[in-house]
1. Output the helices (runs of 4 or more DSSP H) that fall wholly within segment 319-372 and possess 1 or more residues being modelled with pLDDT under 80 and more than 11 Å from ligand 2 (Cβ to nearest atom), or say none.
2. Please state which one of D327, D371 is surrounded by fewer than 20 Cβ atoms within 10 Å (Cβ to Cβ) and either within 22 Å of M37 (Cα to Cα) or touching a strand residue (DSSP E or B) at 6+ places or on another chain (Cβ under 7 Å) (or both).
3. Can we say R286 is of a type in the set (K, R), part of a helix (DSSP H, G or I) and either farther than 30 Å from Y57 by Cα or within 16 Å of ligand 1 (Cβ to nearest atom) (or both)?
4. Any residue at all in segment 205-218 that's aliphatic (A, V, I, L, M) and in contact with an Asp or Glu (Cβ under 7 Å, 6 or more places away or on another chain)?
5. How many residues are away from ligand 1 (no atom under 16 Å from the Cβ), buried (at least 22 other Cβ atoms within 10 Å of the Cβ) and among the polar types (S, T, N, Q) when one looks only at segment 239-274?
6. Could you please let me know if V245 is closer than 27 Å to L87 by Cα, of a type in the set (V, I, T) and near ligand 2 (Cβ under 8 Å from one of its atoms)?
7. For segment 289-310, which positions are away from ligand 1 (no atom under 14 Å from the Cβ) and buried (at least 21 other Cβ atoms within 10 Å of the Cβ)?
8. Within segment 195-218, take every residue that is touching a Leu at 6+ places or on another chain (Cβ under 7 Å) and of a type outside the set (A, V, I, L, M) and give me the one that is farthest from ligand 1 (Cβ to nearest atom).
Amino acid sequence: MKVNYSEKGASRYVIGETPLFDQKNEMFKRPLWDPKMLNLGKKFYKDKIMPKNKPGYMLKDQAAVNASWYLDDLCHRHTEKGGGKNLYTWDWNGSFSYPRAPSGLKISDNDPISVTQGIKQVAALFGASMTGICKLDPRWVYASSYYITSEGGVEADNTVPDDYKYVVSIGVEMDYDSMMYSPAHPASMTTGLGYSKMAFVAGLVAQYIRGLGFKAIPCGNNTVCNIPIAIDAGLGEMARNGLLVTPELGPRLRLASVLTNLPLVPDRPIEFGVKNFCMICGKCARKCPSKAIAHGDPCPDSHNISNREGVNTWHINAEKCLAFWADNGTDCSNCIRVCPFNKPAGKLHDMVRWGINNMRRLDPLFLWGDDLMGYGKRKNAKYFWK
Ligand code: SF4
Ligand code: SF4
């Protein structure tokens, strides 16, 4: 799909001072320490959830969700630097296990164009659905990391050395069909799998860069804020649902980042009509079961400390969102499922996306067509298991 290039990346949403965000203030961490959210934390993290005799909430559903997160679990929780370990580790012992190349070799950094192309090629081979490059804007690094252990939450050092000037932003697609079952467990399976794939791809890309003789820090939901980095790297735009929306997959992807000192060629930020479309659409806000998504115009006012200051966007009320997840017994992706940018690949859908970008006066028509065709409608979970 043809897109326009924007002068600014995530800075286009910044309207004032935006102090570094402390990860302990984000939605999944506050229930571990914020007195206001401790009860919710108990319900979300500790209380056992019995399977139900209801499609989409049975033991086989719960087991598949649990399995989908397995690799992510091995790489987050209990940590070294930045809130990650294993595939998310910051350090490498510098030796190849196979093939046994001598240590200390370094690729020439005087051809960043071909090195950048090589990184994108390898990332795609390892499983990235999309890859972009940007310079690291220090505003998107967490003030400190906060990670979860079986005993509770712990703060971790998150000091990224100054020579990490570049970021490889990685998008991993989530399965379209499974997503249509949100907020039941089949959608949670593709979410968990997305997180496990993030760890897999980011960890392997980081190891590739280390093998070239440079340093790399792979990040999942730790160390940095992945959405503004992805915007800087030209993957997409910010949307009403609080997510990155991309031309190819809409919001149906998960994001990881690899920070590096390897000189790379940045991509250009893009603009393809998301803000205008969100202004007339509002479907995610109407279909959000917890009313956590704002109607109306973007607004810099925060709902609570989980929103970033100084950013003019549609802030999500994370407290309401997480409360619904706790009641639901699993996560929710309705705001991804119903989004008109979330479509499977196909010529018709490419045409609609092109139209949204190039014929903005017809946005209401595209929206009407989306509703008429029944896109985004929840599937009954009884049809998930064949
Ligand atoms: S995940 Fe569900 S509850 Fe949370 S904002 Fe999205 S639609 Fe609303
Ligand atoms: S559902 Fe509509 S308003 Fe919400 S993010 Fe998608 S396009 Fe924007």
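1. Details: elements: 334-337, 347-358, 363-372.
By residue number, 347-358, 363-372.
2. Numbers: D371 fails: either within 22 Å of M37 (Cα to Cα) or touching a strand residue (DSSP E or B) at 6+ places or on another chain (Cβ under 7 Å) (or both).
On inspection, the qualifying residue turns out to be D327.
3. Numbers: of a type in the set (K, R): yes; part of a helix (DSSP H, G or I): yes; either farther than 30 Å from Y57 by Cα or within 16 Å of ligand 1 (Cβ to nearest atom) (or both): yes.
Criteria met by R286.
4. At the first step, the residues of segment 205-218 found to be aliphatic (A, V, I, L, M) are 205-206, 209, 212, 216-217.
This time we only want the ones that are in contact with an Asp or Glu (Cβ under 7 Å, 6 or more places away or on another chain), so: none.
Within segment 205-218, not a single residue is aliphatic (A, V, I, L, M) and in contact with an Asp or Glu (Cβ under 7 Å, 6 or more places away or on another chain).
5. Number satisfying all stated conditions: 3.
6. Yes: the conditions hold for V245.
7. Within segment 289-310, just R308 meets the criteria.
8. G213
The values are calculated or read from the model by the stated rules, or taken from the named source; none is laboratory data. Just so you know, these numbers come straight off a predicted model, no measurement behind them. FYI the Cβ positions are ideal-geometry reconstructions off the backbone, even for glycines, and counts take in every protein chain you see.
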